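Here the structure is laid out as structure tokens; the discussion comes afterwards.
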Amino acid sequence: MVGRRSRRLIRRKPKVGKVQGPASLFPKAASAAPAGHRAYAVGDLHGRLDLLNELLGKISADNLGRPPAQTTIVFLGDLIDRGPQSSGVVERLRKYRPAFAKTVFLMGNHEEVLLRIVGGDTDLLADWMKFGGAECMRSYGVDPADLQRLARSDAVALLRRTIPREHLKFIDSFADTAAFGDYLFVHAGIRPGVEIEKQLSQDLRWIRSPFLDDDRHHGPVVVHGHTISETVEVRANRIGLDTGAYSSGVLTAIGLEGEERWFIQTGGAAARKSGDARVANLSDA
Ligand SMILES: [Mn+2]
């Protein structure tokens, strides 16, 4: 059976905050996934096809070891740039149709910048080359030095000719948020104090300190990537999954089912320290 890409979970304007299950006679002890569902969320990939393949194998094995459930794998964005195999990651995920899960892709700031450049925003080209675009272009067979010798409009024309249309179309289909029970998946975070429905793409894809430093409950627990932390960052109101895979070698996923949470990581120093230990109901107290 071929897995289908989930449209149901994708909402550009998400409705969240609905309590799943019976009305709460008692204070909620922990955040929960919707009944009968399991989700995995994968942090920033940044061109590390090797780690992606390793992690997808581990997710598949993890899923196999659990009771059947409607399963979704959410990719939190930043598939491209910095690491060596952006093109390979995009191609792998574009064709990824696991039998056991639906897939959802969220847009990272790196995807946004690429789409804006290809869409004609040539002013962004120089900055993009510095923040990982050079490695991305190399993965598509373009020498960044050649690109830099060209006039900006010619350089952008070269990008348009080189990056397969299907890759751009795939990236352009990415959503900004996905809601999952008491959880909200986003690339970077949310603007605290603003209703989820009124969040701006700019914030969802780029925000850092106003979100990271805010201890308020946002309604849903926000599961995000974008900002690197040495280990998974689990707080009462958010969970940060970007463990800097492109340089650390540690790519992280979270599994969510019922009130349980667990983490899956690729090899590397941090992973050896924490193993693949299942961690349940962390820090909701
Ligand atoms: Mn990012």
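Rule-based calculations on the coordinates, nothing more; no lab input. These figures come from a predicted structure and were not determined experimentally. With ideal geometry, Cβ positions are generated from the backbone for all residues, glycine too; neighbour counts draw on all protein chains shown.
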Charge dipole magnitude, Cβ of K and R +1, D and E -1 - the stretch 107-236, Cα centre, debye nearest 20: 400 debye
Based only on other Cβ atoms within 10 Å, what is the fewest-to-most ordering of Met107, Met129? Met129, Met107
If a/c stays under 1.5 just call it rounded; otherwise compare a/b with b/c (prolate if a/b is bigger, oblate if not). Do that for the stretch 122-221, with a ≥ b ≥ c from the square roots of the Cα gyration tensor eigenvalues. prolate
Please tell me the relative contact order of the stretch 37-274 in percent, rounded to the nearest whole number, where contacts are Cα pairs under 8 Å and at least six residues apart. 23 percent
With the crude spin-label approximation of a point 7 Å out along Cα→Cβ, what separation in nm comes out for Tyr140 versus Arg97? 2.5 nm
I'd like the FRET efficiency for Leu158 and Glu195, computed as 1/(1 + (r/R0)^6) with the beta carbon distance as r and R0 of 51 Å, rounded to 0.05. 0.75
Pop out the ³J(HN,Hα) list for the stretch 36-41 in order, Karplus 6.51 cos²θ - 1.76 cosθ + 1.60 with θ = phi - 60°, rounded to Hz; leave Gly and Pro as x. x, 10, 9, 10, 10, 10
The answer for the net charge of residues other than Leu76 whose Cβ lies under 12 angstrom from its Cβ, with Lys and Arg +1 and Asp and Glu -1, is -4
Using the crude model of +1 on Lys and Arg Cβ and -1 on Asp and Glu Cβ, and no other charge, please compute the dipole size for the stretch 24-103 relative to its Cα centre, in debye to 20. 300 debye
Give me, ordered by chain and number, the residues 5 or more places off Lys102 or on other chains with an amide H under 5 Å from its own placed amide H. Thr71, Thr72, Ile73
Provide the per-residue ³J(HN,Hα) series for the stretch 174-187, in order, calculated from phi with Karplus coefficients 6.51, -1.76, 1.60 and θ = phi - 60°, each as a whole number of Hz, with x at glycine and proline positions. 5, 8, 8, 9, 9, 9, 8, x, 8, 10, 10, 8, 9, 6
Residue span Glu166 to Asn53: 0.36 nm per residue of separation minus Cα-Cα distance leaves a gain in nm of 38.6 nm
Net charge over other residues, Cβ less than 13 angstrom from the Cβ of Leu212 (K, R count +1; D, E count -1): -1
Note on the stretch 59-180: contact order normalised by length, alpha-carbon pairs under 8 Å, 6 or more apart, percent, works out to 31 percent
Final fewest-first order of Glu260, Glu135, Glu230 on the 10 Å Cβ neighbour count is Glu230, Glu260, Glu135
Got a sec to turn the phi values of the stretch 141-147 into Karplus ³J(HN,Hα) couplings, 6.51 cos²θ - 1.76 cosθ + 1.60 with θ = phi - 60°, whole Hz, x for Gly and Pro? x, 9, 6, x, 5, 4, 4
To make sure I understand, if each residue's beta carbon is the centre and we count other beta carbons within 10 Å, what order do Ile163, Ile228 fall in, fewest to most? Ile228, Ile163
Search the structure for amide H atoms under 5 Å from the amide H of Thr252, placed 1.01 Å from N in the peptide plane, and list their residues when 5 or more places away or on another chain. Gly43, Thr243
Rounding to the nearest 20 debye, state how big the charge dipole of the stretch 37-274 is about its Cα centre with +1 on each Lys and Arg Cβ and -1 on each Asp and Glu Cβ. 580 debye
Rel. contact order, % - alpha carbon contacts under 8 angstrom, at least six apart, the stretch 157-249: 22 percent
